[in-house]
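Shown next, in structure tokens, is the structure this report addresses.
All of the numbers you see were taken from the coordinates with simple rules; none came from a lab. All values reported here derive from a predicted model rather than from experimental measurement. No Cβ is skipped: glycine too gets one built from the backbone with ideal geometry, and neighbour counts run over all protein chains shown.
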Amino acid sequence: MVESFYQQVHRLRDGAVMVYRRADTNQQVYQARLKIPGVTGYIIRSLKTRDLPTALNLAEDLFYELRAEQKLGVDVRIAGN
């Protein structure tokens, strides 16, 4: 049986934000996969926390920050923006 890449999946903003843990790592920190309107593909970022409520809040904040930057013309696909 193939193990899923995503573990403990939580979706926000009608699926535009997905918070999950990766099955292929021992760190067990949460990751965020974000679909920003007007941007091709997904943006994936580590949330650098093992705490679910904190991860959900960070993911929501990141979504709005990236949307605002994208509206200002910033290339949000570049890590570190």
Viscosity 0.890 mPa s, 25 °C: Kirkwood-radius Stokes-Einstein D of the chain over Cα pairs, µm²/s: 187 µm²/s
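If you take every residue apart from Arg77 with its C-beta less than 15 Å away from the C-beta of Arg77, what net charge results, scoring Lys and Arg +1 and Asp and Glu -1?
Numbers: positive: Arg33, Lys35, Arg45, Arg67, Lys71; negative: Glu65, Glu69, Asp75.
Once all neighbours under 15 Å are counted, the net charge is +2.
Taking the chain, which chymotrypsin sites (Phe, Trp or Tyr not before Pro) meet the DSSP loop condition and have no more than 10 other C-beta atoms within 10 Å? Kindly include the intermediate steps, with their values, before the conclusion.
Working: sites: Phe5, Tyr6, Tyr20, Tyr30, Tyr42, Phe63, Tyr64; in loops: Phe5, Tyr42.
Taking the chain and a limit of 10 other Cβ atoms within 10 Å, the loop chymotrypsin sites (Phe, Trp or Tyr not before Pro) found are Phe5.
Compute, for region 6-71, the length of the dipole vector about the Cα centre, with Cβ point charges of +1 (Lys, Arg) and -1 (Asp, Glu) only. Units Debye, rounded to 20. The partial results should precede the final answer.
Values: 11 positive and 7 negative charges, 29 e Å.
The calculated dipole for region 6-71 is roughly 140 debye.
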Linear extension gain, Asp14 paired with Asp75, 0.36 nm per residue minus alpha-carbon span: 19.6 nm
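Which value at 222 nm does the chain reach when only helices count, each DSSP H run of 4 or more adding -39,500 (n - 2.57), with the total divided by all residues and rounded to the nearest 500 deg cm²/dmol? Kindly include the intermediate steps, with their values, before the conclusion.
On the way: 1 runs with 20 residues, N = 81.
-8500 deg cm²/dmol, from helical runs alone.
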Residues of region 5-23 with amide N under 18 Å of a point placed 7 Å along Cα→Cβ from Asp61: 12-13, 17-20
